[in-house]
1. Going through segment 212-227 one residue at a time, which ones are within 12 Å of Ala24 (Cα to Cα) and of a type in the set (S, T, N, Q)?
2. Please enumerate the residues belonging to segment 197-212 that are under 13 Å from Leu256 (Cβ atoms) and part of a helix (DSSP H, G or I).
3. For segment 194-222, which positions are surrounded by fewer than 19 Cβ atoms within 10 Å (Cβ to Cβ) and within 16 Å of Pro78 (Cβ to Cβ)?
4. Quick check on Thr258: is it among the polar types (S, T, N, Q), more than 18 Å from the chain's Cα centre (by Cα) and open to solvent by 30 Å² or more (accessible area, probe 1.4 Å)?
5. Can we say Ala221 is closer than 20 Å to Ala88 by Cα and among the small types (Gly, Ala, Ser)?
6. Would you confirm whether any residue within segment 213-221 is in contact (Cβ under 8 Å) with a residue 40 or more places away in the chain, in a helix (DSSP H, G or I) and under 16 Å from Leu42 (Cα atoms)?
7. Which of the residues spanning segment 231-254 are closer than 19 Å to Glu195 by Cα and surrounded by fewer than 19 Cβ atoms within 10 Å (Cβ to Cβ)?
8. For Thr68, only one of the following conditions fails: (1) at pLDDT 70 or above; (2) under 21 Å from the mean Cα position of the chain (by Cα); (3) open to solvent by 50 Å² or more (accessible area, probe 1.4 Å). What is its number?
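The values are calculated or read from the model by the stated rules, or taken from the named source; none is laboratory data. All values reported here derive from a predicted model rather than from experimental measurement. Virtual Cβ from ideal backbone geometry, glycine too; neighbours counted across all protein chains shown. Areas reflect the complete protein model, heavy atoms only, side chains present, ligands, DNA and RNA absent. Shrake-Rupley method; radii C 1.70, N 1.55, O 1.52, S 1.80 Å.
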Amino acid sequence: MDITHHHPSNEHPVIKHVDVSYPAKWLRQGFKDVQRAPADSLFYGAVFVLMGYLLAIYFEQAPEIVVTLSTIFLLVGPFLAIGLYDIAKQMEAFDGRGRVTLIHSMTAWRVNMHSFALYAVLLAVLVFGWFRMSLLIFALFYDTATLPTLEMVVANAFKPENIGFLVAYFGIGFFFAALVFAISAVSLPMLLDKEVDTITAMVASLQAVYKNLLTMVVWAAMIVGLTVVGFATYFVGLIVIMPVIGLATWHAYRDLITFER
């Protein structure tokens, strides 16, 4: 069965409204998918765990480059998820009557290579903008020749004179994180599924979040909460959590977006 076939690009996305119970349903579906294709799903989970450990090792040895590594995590994560979306799409196409192939999922990005490449560039620009804004905030609030160490920031974080810094730093961080989530919520599954361009997919993702704001806030909170659990288990939990989230995102896309000619 050929599952790389794209539908004609003259279709346009239509946003559906779903209620706040849907994120829990997506997670249940994602977990079932992991059970249906455990080895393939957990392969991607293991890569996330490895990335987490690399982050932790460098954080201990060279805390000044941890922001760079965190940025890499932010950029690489969605592209690892493309493989998970493809696994979900394969299972959908086979409907339980076929075997998911890992190699197929690892090369899934080739079906819409130009759009994925542009998405990567736009995401990199956003993350770099966040990084530059973070440096600017540090420069404004810390009048020192060199940037403060992480220990200095943590030690002084809750002093009254640093409240402005905390509000600015985390406010900017929240804004960029929310923006990245909004443009990414369903755009990558759409680029894998349909022959649409990057901007169309990102706009549809923004519209889906806007039209289902409370539902998507709950969904984002679940993703953040599960990721925190994964980190709190010394990354071991990510081996299951990340595939569940990735596969659940495919179901979110299916529920939120339909196409019309």
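1. Thr215 - this is the single residue of segment 212-227 that is within 12 Å of Ala24 (Cα to Cα) and of a type in the set (S, T, N, Q).
2. Those that are under 13 Å from Leu256 (Cβ atoms) and part of a helix (DSSP H, G or I): Ala201, Ala204, Ser205, Leu206, Gln207, Ala208, Val209, Tyr210, Lys211.
3. Of the residues in segment 194-222, the ones surrounded by fewer than 19 Cβ atoms within 10 Å (Cβ to Cβ) are 195, 197, 199-200, 203, 206-207, 210-211, 213-214, 217-218, 220-222.
Across segment 194-222, the qualifying residues are Leu206, Ala220.
4. Numbers: among the polar types (S, T, N, Q): yes; more than 18 Å from the chain's Cα centre (by Cα): yes; open to solvent by 30 Å² or more (accessible area, probe 1.4 Å): yes.
When the stated conditions are applied, Thr258 passes them.
5. Details: closer than 20 Å to Ala88 by Cα: no; among the small types (Gly, Ala, Ser): yes.
In short, no.
6. no
7. Result: Arg254, single match.
8. (1)
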